[in-house]
Amino acid sequence: MHSAGAALGQTPTELIAGDADASPDALRAAVTVTITDRIEEVEAAWRQLEAGAIESPGQNYDFIRLWTRNRGLKPQAQCYVVGSVDGVPVALLPLHRKRVNGVWVLTWFPGSNVGCYAPVADYERLAALGVAGRKALWSAMTAQLTGADAIFLRSIPAAVGGYAGLFDELGATLTVDTLYRAEFSSWQDCDSQQRSKSRRKHDRQQGDRLNALGAVSFEEIGNGGESRCAIEVMFRQRSARFKAMGIRDTFVRDKLVSFYHEAIREGSGVYVLLHVLRLDGAIVAVRYNIVQGDRMFCLISSMSDDVAIQHGSPGKQCLLRVMQSVFDQGIAVFDMGAGFTDEKRHWCNVQVPVQHHYIGLNGRGVVIVAVHRALQKTRARIKANKTLKAWVRGVGQLGGRLTGGAKAEKP
């Protein structure tokens, strides 16, 4: 690892010519790369790049700064790569250097705690570079990275900021999942597009069942509000859900709960919004969201595991109230993350493929990348086959009960 603030790649690298998609000016441009292990040294470039629409909280400077501090990451575990064209920052890769199953990997910081990621970038400038220009940029940014066998960039949307394929030249890609978003101009727009007459009737019936159990109330809690109780209940509800499904409780086992408490504190720099549904004053459903501009990202949702309360579908009733409020409050995009669920089928009108990106940095890394890609392809085939998916889940639950151990972390 280079010393704090070390910079590399100061000798300009000409972008590759001959790309019909790039402008003549872009083809004559030069790339410079700086690499540092101190996040403060890239703050100015980062904030400049994230000023436009972002695709993930993982692209937010304050979110990642808080994450690295909360996790107590040492400088050698952090790597920030800035690629500039003719002296203007165009892209930034915030990377976590970590050892996973004996393999050193450079990857995104929060792992699966965020639904998708992407390089922090000026999408318009990136698009203007064209295919060959972007290839030269990514190559220059990754060629000087050391201290790892491979780069693994998970869950990057295939389209960002109205542009498709801006990251296709960033290593080898593998489409692994779909990102679900609700994009509406108002609740009325959402209601008319997503809810049929039968859907409205069904929602009303669920609401009647919940109301029959007691007084129902809905509230929003932002930074600096009385959030501790709601967050603690949310994680208890998630733990109960994980236990019932035989799934490792990553929030508890990896000691992540404190991060979510810190993020909602006043002055954290991260705009957090909790949606809380109560029944006779008791919390029965919670949704934990990060807001960036006119975009809201749901990171965690939970509901009561009480069978009697579940009869009133508190999770769905909470989400209904969220949808009825957020679009009229200025939210244009509500990101519900990757992976198909009933609630996404009901509410999301936008689907975006997400891809893993791989780069082997040495001979060992090339082999590891090939193996991981093959495993991911197998996993995708299993997920697409209901019979195989049920069988694998059953085996996993049995294994968890027999061993009582945590699953090995994967990159």
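Looking only at the range 52-77, which residues are closer than 11 Å to GLN292 by Cβ and among the aliphatic types (A, V, I, L, M)?
Correct list: ALA53, ILE54.
Kindly evaluate GLY147 against the criterion of being more than 27 Å from ASN289 (Cα to Cα), in contact with a helix residue (DSSP H, G or I) (Cβ under 8 Å, 6 or more places away or on another chain) and surrounded by fewer than 19 Cβ atoms within 10 Å (Cβ to Cβ).
Taking the combined requirement at face value, the residue satisfies it.
Report yes if some residue within the range 224-243 is over 25 Å from GLN292 (Cα atoms), in the same structural domain as HIS311 (by the TED database) and surrounded by fewer than 14 Cβ atoms within 10 Å (Cβ to Cβ); otherwise report no.
Yes, that holds for at least one residue.
Exactly one of (1) open to solvent by 40 Å² or more (accessible area, probe 1.4 Å); (2) in the same structural domain as ARG373 (by the TED database) is unmet by GLN193. Its number?
Unmet for GLN193, out of (1) open to solvent by 40 Å² or more (accessible area, probe 1.4 Å); (2) in the same structural domain as ARG373 (by the TED database): (2).
Just the residues that are open to solvent by 20 Å² or more (accessible area, probe 1.4 Å), in contact (Cβ under 8 Å) with a residue 60 or more places away in the chain and part of a helix (DSSP H, G or I), please, taken from the range 319-365.
ARG321, GLN324, SER325, ASP328, HIS346, ARG364
Examine the range 200-207 for a residue that is touching a residue at least 12 places away in the same chain (Cβ under 8 Å) and surrounded by fewer than 16 Cβ atoms within 10 Å (Cβ to Cβ), and state whether such a residue exists. Before the answer, list the steps.
Step one: of the range 200-207, the residues touching a residue at least 12 places away in the same chain (Cβ under 8 Å) are 203, 206-207.
If we keep only those that are surrounded by fewer than 16 Cβ atoms within 10 Å (Cβ to Cβ) too, we end up with none.
Among the residues of the range 200-207, not one is touching a residue at least 12 places away in the same chain (Cβ under 8 Å) and surrounded by fewer than 16 Cβ atoms within 10 Å (Cβ to Cβ), which makes the answer no.
Based on what the data block shows, is ILE64 surrounded by 15 or more Cβ atoms within 10 Å (Cβ to Cβ), modelled with pLDDT under 95, over 30 Å from GLY363 (Cα atoms) and not small (Gly, Ala, Ser)?
For ILE64, the condition - surrounded by 15 or more Cβ atoms within 10 Å (Cβ to Cβ), modelled with pLDDT under 95, over 30 Å from GLY363 (Cα atoms) and not small (Gly, Ala, Ser) - is not met.
So which of TRP138, TRP108 is open to solvent by less than 10 Å² (accessible area, probe 1.4 Å), touching a His at 6+ places or on another chain (Cβ under 8 Å) and within 20 Å of VAL160 (Cβ to Cβ)?
After applying the criteria, what remains is TRP108.
The values are calculated or read from the model by the stated rules, or taken from the named source; none is laboratory data. Note that the coordinates shown come from a computational prediction; the quantities given were computed from them, not determined experimentally. When we count neighbours, we look across all protein chains shown, and the Cβ atoms used for this are built from the backbone with ideal geometry, even at glycine. Heavy atoms of the whole protein, side chains included, go into the accessibility calculation; ligands, DNA and RNA do not. Shrake-Rupley method; radii C 1.70, N 1.55, O 1.52, S 1.80 Å.
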